[in-house]
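*Asks:* One structure follows; several queries about it will come next.
The values are calculated or read from the model by the stated rules, or taken from the named source; none is laboratory data. Source: prediction; values computed, not measured. Note that each Cβ is placed from the backbone with ideal geometry, even for glycine, and that neighbours are counted across all protein chains shown.
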Amino acid sequence: MTMQLAKLKVVTVTLNPALDLTGHLHTLTKGAVNQVQHCVLAPAGKGVNVAKVLAELGAEVTATGFLGIENEAAFCQLFERIKVTDRFIRVQGATRINVKLVEASSQVSDINFPGVSVTAAAIAEFETMLFNLSLDHDVFVIAGSLPIGVTPEQCAHWIAQLQQAGKKVFFDSSNAALTAGIAVQPWLIKPNDEELLHWAKGGPLADQSLAEIAEQLSSTGIANVVVSLGAEGVMWLNKEGWLQAQPPTMDVVSTVGAGDTLVAGMCWGHLNNWDKKQTLSFATALSALAVTQVGVGVKDLNEVITLSERITICE
Ligand SMILES: Nc1ncnc2c1ncn2[C@@H]1O[C@H](COP(=O)(O)OP(=O)(O)O)[C@@H](O)[C@H]1O
Ligand SMILES: O=P(O)(O)OC[C@H]1O[C@](O)(COP(=O)(O)O)[C@@H](O)[C@@H]1O
């Protein structure tokens, strides 16, 4: 597998970043006092995680969104260390801390908090930033939930505007933001199985299989429907048809960030103009390795390439 050396530019948008506080404990007991054995606090959130992985792969990444001024230091240090251009709009307050409790069985409980409040003035500042970035970037990854003050319709409007300007938008969100985003047909969506079934619930596709729901979305104009299935791998539908990937059994440390790593891998394949099989095997391997660590990041590219050769791909 050849790696392209040219600088490949991408913008990641994290409207609601988070510091992830990951605690390891033997067993989590609801309603009881639980002792955490060891913990890590690290800057994260979906778009930030994608930015980190892409930057470590070699992309030229600009990150934007909203960041609370009270606890921005860890984010600033990360962006400086991984050479990501920081174009976050600063807002009053502290960026949320999301708690991830990992049990000895590898089961993870995610406690995701709402996030900062964003004012109309900050939103206007962000829109100007997004427009300026669109002047010299073609690929945008918009990922994660929305902070208080940003509506699903606003987020969908940004996707639509970028796409009308000829940009490729990778979109990974959930709940109302996912529903609004799907309606404007991003170039790529990456729900997990649960998010996709939740989206379909209550509507005309409620009784359909994942494949049927994805086929319906594809027929509405979403060029790439990528459904992640945890340990079962990935299914990807585009104009070339279906492709499925199955990773080998991994030693799971934490599954947090696996989805973001998959998005980053799909984006890296696109930036490098790889064919479908190469992109999917690389992205699947990258995300499978992500579960063997806490947080995201590419520890050893050779390991990713070796594992990508062990990914089972079928049509
Ligand atoms: N236990 C696992 N073993 C191997 N690969 C995994 C495992 N969990 C996740 N992955 C990889 O990470 C991808 C994203 O994980 P998934 O849990 O589906 O996403 P999300 O984090 O968005 O819920 C999967 O499609 C798969 O390639
Ligand atoms: O923006 P959301 O949907 O609240 O999710 C934020 C959380 O998702 C993560 O980005 C991890 O996402 P994935 O496990 O789906 O890759 C965490 O870092 C963060 O705490």
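*Asks:* In the stretch 259-315, which residues are farther than 22 Å from Pro43 by Cβ and hydroxyl-bearing (Ser, Thr, Tyr)?
*Replies:* Within the stretch 259-315, Thr279, Ser281, Thr284, Thr306, Ser308, Thr312 meet the criteria.
*Asks:* Scanning for something over 17 Å from Lys100 (Cβ atoms), out of contact with any helix residue (DSSP H, G or I) (no Cβ under 8 Å at 6 or more places or on another chain) and outside any helix (DSSP H, G or I), does the stretch 38-57 turn up at least one residue?
*Replies:* Checked against the condition, which is being over 17 Å from Lys100 (Cβ atoms), out of contact with any helix residue (DSSP H, G or I) (no Cβ under 8 Å at 6 or more places or on another chain) and outside any helix (DSSP H, G or I), the stretch 38-57 yields no hits at all.
*Asks:* Follow-up. Within the stretch 23-42, is there a residue that is of a type in the set (A, V, I, L, M, F, W, C), in contact with a Lys or Arg (Cβ under 6 Å, 6 or more places away or on another chain), surrounded by 13 or more Cβ atoms within 10 Å (Cβ to Cβ) and touching a residue at least 40 places away in the same chain (Cβ under 8 Å)?
*Replies:* So the first thing to find is which residues in the stretch 23-42 are of a type in the set (A, V, I, L, M, F, W, C), and the list is 25, 28, 32-33, 36, 39-42.
Add one more test, that the residue is in contact with a Lys or Arg (Cβ under 6 Å, 6 or more places away or on another chain), and what stays is none.
No, every residue in the stretch 23-42 fails to be of a type in the set (A, V, I, L, M, F, W, C), in contact with a Lys or Arg (Cβ under 6 Å, 6 or more places away or on another chain), surrounded by 13 or more Cβ atoms within 10 Å (Cβ to Cβ) and touching a residue at least 40 places away in the same chain (Cβ under 8 Å).
*Asks:* Same structure, new question: Just for the stretch 240-288: of the residues that are of a type in the set (Phe, Trp, Tyr) and crowded, with 23+ Cβ neighbours inside 10 Å, which one is nearest to ligand 1 (Cβ to nearest atom)? So that I can check it myself, show each step before the final result.
*Replies:* Taking the stretch 240-288 and keeping what is of a type in the set (Phe, Trp, Tyr), we get 242, 268, 274, 282.
This time we only want the ones that are crowded, with 23+ Cβ neighbours inside 10 Å, so: 268, 282.
Working: Trp268: 14, Phe282: 11 Å.
My answer is Phe282.
*Asks:* Out of the stretch 165-180, which residues are away from ligand 1 (no atom under 15 Å from the Cβ) and crowded, with 22+ Cβ neighbours inside 10 Å? Explain how you work it out, then say what you get.
*Replies:* Start the filter on the stretch 165-180 by keeping residues that are away from ligand 1 (no atom under 15 Å from the Cβ), which leaves 165-169, 176, 179-180.
The one that is away from ligand 1 (no atom under 15 Å from the Cβ) and crowded, with 22+ Cβ neighbours inside 10 Å: Val169.
*Asks:* Looking at (1) touching a Phe, Trp or Tyr at 6+ places or on another chain (Cβ under 6 Å); (2) within 16 Å of ligand 2 (Cβ to nearest atom), which is the one condition that is false for Ala223?
*Replies:* Status for Ala223: all satisfied but (2).
*Asks:* What are the pairs, 6+ residues apart or on separate chains, where a residue within the stretch 187-211 that is under 25 Å from Ile142 (Cα atoms) and at pLDDT 95 or above has its Cβ under 6 Å from a residue that is within 12 Å of ligand 1 (Cβ to nearest atom) and charged (D, E, K, R)?
*Replies:* Filtered contacts from the stretch 187-211: Lys190/Asp172; Leu210/Asp193.
*Asks:* Could you list all residues from the stretch 58-72 that are buried (at least 24 other Cβ atoms within 10 Å of the Cβ) and without any contact (Cβ under 8 Å) to a residue 60 or more places away in the chain?
*Replies:* If the condition is that a residue be buried (at least 24 other Cβ atoms within 10 Å of the Cβ) and without any contact (Cβ under 8 Å) to a residue 60 or more places away in the chain, then Val61, Ala63, Leu67 are the ones that fit.
*Asks:* Of these, Trp236, Trp199, which one is out of contact with any Asp or Glu (no Cβ under 8 Å at 6 or more places or on another chain), in a strand (DSSP E or B) and within 16 Å of ligand 1 (Cβ to nearest atom)?
*Replies:* Working: Trp199 fails: in a strand (DSSP E or B).
Answer to the check: Trp236.
*Asks:* Further question on the same structure: Can you tell me which residue in the stretch 13-39 is modelled with the lowest pLDDT, limited to those that are in contact with a Gly (Cβ under 7 Å, 6 or more places away or on another chain), under 28 Å from Leu146 (Cβ atoms) and more than 11 Å from ligand 2 (Cβ to nearest atom)?
*Replies:* Cys39
*Asks:* May I ask you to say which residue of Val234, Val256, Val227 is in contact with a Lys or Arg (Cβ under 6 Å, 6 or more places away or on another chain) and on the phi < 0 side of the Ramachandran plot?
*Replies:* Numbers: Val234 fails: in contact with a Lys or Arg (Cβ under 6 Å, 6 or more places away or on another chain); Val227 fails: in contact with a Lys or Arg (Cβ under 6 Å, 6 or more places away or on another chain).
Result: Val256 is the single residue among Val234, Val256, Val227 that is in contact with a Lys or Arg (Cβ under 6 Å, 6 or more places away or on another chain) and on the phi < 0 side of the Ramachandran plot.
*Asks:* Moving on to the next point. For the stretch 247-272, which residues satisfy the criterion of being within 9 Å of ligand 2 (Cβ to nearest atom) and out of contact with any strand residue (DSSP E or B) (no Cβ under 6 Å at 6 or more places or on another chain)?
*Replies:* Gly257, Ala258, Asp260, Thr261
*Asks:* Being touching a Ser or Thr at 6+ places or on another chain (Cβ under 9 Å), surrounded by 13 or more Cβ atoms within 10 Å (Cβ to Cβ) and part of a loop (DSSP other than H, G, I, E, B) narrows it down to one of Leu162, Leu146, Leu130, so name that one. It would help to see each step written out before you state the result.
*Replies:* Numbers: Leu162 fails: part of a loop (DSSP other than H, G, I, E, B); Leu130 fails: part of a loop (DSSP other than H, G, I, E, B).
Among Leu162, Leu146, Leu130, only Leu146 is touching a Ser or Thr at 6+ places or on another chain (Cβ under 9 Å), surrounded by 13 or more Cβ atoms within 10 Å (Cβ to Cβ) and part of a loop (DSSP other than H, G, I, E, B).
*Asks:* I'm trying to understand the selection: among the residues of the stretch 256-302, which are free of Cβ contacts under 8 Å to residues at least 12 places away in the same chain and either in a helix (DSSP H, G or I) or among the aromatic types (Phe, Trp, Tyr) (or both)?
*Replies:* Trp274, Asn302
*Asks:* Listed residues Asp136, Asp110; which is touching a residue at least 40 places away in the same chain (Cβ under 8 Å), in contact with a Lys or Arg (Cβ under 8 Å, 6 or more places away or on another chain), acidic (Asp, Glu) and not in a strand (DSSP E or B)?
*Replies:* Working: Asp110 fails: not in a strand (DSSP E or B).
The match here is Asp136.
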